[in-house]
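Laboratory data are not the source of any read-out in this text; all were calculated from the coordinates shown. In this text the structure is predicted, and so the values were computed from the model without any measurement. Cβ placement follows ideal geometry from the backbone for every residue including glycine, while neighbour counts extend to all protein chains displayed.
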Amino acid sequence: DESSRRAYADEFADDELIILIRRIILNENPNDTYELLQRKVFALVKKRAVASRRGRTLTLEQWENLHSSLKRGESLVDYLVDNAPLSWSKIAYIKDLTDTANALMKLTSSFAIGLTSTELPMCIV
């Protein structure tokens, strides 16, 4: 929507994506465009981290540390397990979920770690 467009104007990358596609099609080196897009994505993540409620997603500091870790080639899963284990449980309602699946979800919820958030429908088991 228009308010999001204004709030995140510096992070939108319409022009950069067009440049990236052009460079790929013309077999030109896209590395500087990739780097710019990565900076924009990380700027968006940092803005969202500051606006998010503590305990439901990674903090700004955790995102910064994770970003550094990933740049060194380290694992997302290892970082989250060792540094940011957010409790996770299934929150979406799934009609016709079997009793066995319900039991599995309940068991999983007791030790699963959220994948950067407590509310995403993905976890690390």
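Below, the figures for the structure above:
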| read-out | value |
| --- | --- |
| Mean projected area (nm²) of the alpha-carbon convex hull when the chain is viewed from all directions | 10.8 nm² |
| Expected 222 nm ellipticity per residue - DSSP helices of 4 or more, -39500 (n - 2.57), all of the chain, to 500 | -17000 deg cm²/dmol |
| Euclidean distance between Cα centres, segment 15-47 to segment 56-83, Å | 22 Å |
| At 0.890 mPa s and 25 °C, Stokes diffusion of segment 1-53 via Kirkwood alpha-carbon radius, µm² per second | 201 µm²/s |
| Between 0 and 90°, nearest 10: helix 60-71 axis offset from the chain longest Cα axis | 70 degrees |
| Charge dipole magnitude, Cβ of K and R +1, D and E -1 - the chain, Cα centre, debye nearest 20 | 360 debye |
| Residue-count net charge about Leu37 - beta-carbon cut-off 14 Å; Lys, Arg +1, Asp, Glu -1 | -3 |
| Choice from Lys40, Lys95, Lys106 with maximal GNM fluctuation in the chain (Cα, 10 Å cutoff) | Lys95 |
| 16 Å Cα-Cα reach of Lys47 towards aspartates and glutamates, excluding residues that sit fewer than 8 places from it in its own chain | Asp10, Glu11, Glu61, Glu64 |
| Under 5 Å, built H, 5+ apart or other chain: amide partners of Ser87 | Gly114 |
| Full-extension gain in nm, Glu16 to Ala101, via 0.36 nm per residue minus C-alpha separation | 26.2 nm |
